[in-house]
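Q: Got a structure for you, written out below as structure tokens; questions coming shortly.
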Amino acid sequence: LQANSLATIALTLGCILAGRLIDKIGGGWTFILGSSLLGTVIYYFYSTVLQDPSTLYGAYALAGFSVGLVGAVPYVMANAFPATVRFTGLSFSYNVAYAIFGGLTPMMVS
């Protein structure tokens, strides 16, 4: 629970950074850099924590930070469609899917 709390705080900071990056360098570069970071950090997380459990807190917080890339997704989605589509169909379907899977996944996992 403590590691999860740290990862949540780091995720918040990662989302803010992803939003600032996408404004500065654009969507393509943000996703290239963010995905590279995410892949590297996740590899580090899974290869290190099994060998040395004392690295759990730092590695999990770093993983949470790198998942902050999801903060850039709405920007790309909003710019990919005209206003009439993004404010009706896209917004509704995205939020319903997020609510269903975000709410049910933790129960199914446990």
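Q: Counting just the Cα atoms, what span does the chain cover along each of its three principal axes? Round to the nearest Å and put the largest first.
A: Its Cα atoms span 51, 36, 19 Å along the three principal axes.
Q: Roughly how much of Leu104 is accessible, in Å² to the nearest 10, using a 1.4 Å probe?
A: It works out to around 80 Å².
Q: How big is the gap, in Å, between the Cα center of the range 59-90 and the Cα center of the range 3-20?
A: Taking the Cα centre of each part, the range 59-90 and the range 3-20 sit 14 Å apart.
Q: Please compute the contact order of the range 32-110 in relative form: average sequence separation of alpha-carbon pairs under 8 Å and at least six residues apart, divided by the residue count, as a percent. Don't skip to the end; give the middle numbers.
A: Details: 23 pairs, mean separation 19.1, N = 79.
Contact order relative to length: 24 percent.
Q: Relative contact order, percent, of the range 1-63 when contacts are C-alpha pairs under 8 Å separated by at least 6 residues? List each step's numbers first, then the result.
A: Values: 38 pairs, mean separation 33.9, N = 63.
Dividing the mean separation by the residue count of the range 1-63 yields 54 percent.
Q: If we restrict to alpha carbons, what Rg and Dmax does the range 65-110 come to, in Å?
A: That works out to 13.1, 40 Å for Rg and Dmax.
Q: Whenever you get a sec, line up Asp52, Asp23 from highest to lowest accessible area (probe 1.4 Å, protein heavy atoms).
A: Listed by decreasing accessible area, they come as Asp23, Asp52.
Q: Quick check: at a probe of 1.4 Å, how many percent of the accessible area of the chain sits on carbon and sulfur atoms?
A: For the chain, the apolar C and S fraction of the accessible surface comes to 73 percent.
Q: Build a GNM of the chain with springs between Cα atoms under 10 Å: which of Val41, Val49, Val96 gets the top mean-square fluctuation?
A: Val96
Q: Express in Å², to the nearest 10, the accessible area of Val67 obtained by rolling a 1.4 Å probe over the protein heavy atoms while all chains stay in place.
A: Approximately 60 Å² of Val67 is accessible to the 1.4 Å probe.
Q: Follow-up. Assuming 0.36 nm per residue, please report the length gained on full extension of the stretch Ser93 to Leu1 beyond their Cα-Cα distance. It would help to have the intermediate numbers written out before the result.
A: Working: separation 92, 0.36 × 92 = 33.12 nm, distance 3.11 nm.
Extra length from Ser93 to Leu1 when fully extended: 30.0 nm.
The values are calculated or read from the model by the stated rules, or taken from the named source; none is laboratory data. Fair warning: this is a prediction, and the values are worked out from it, not measured in the lab. These accessible areas exclude ligands, DNA and RNA; they are computed on the full protein's heavy atoms, side chains included. Shrake-Rupley method; radii C 1.70, N 1.55, O 1.52, S 1.80 Å.
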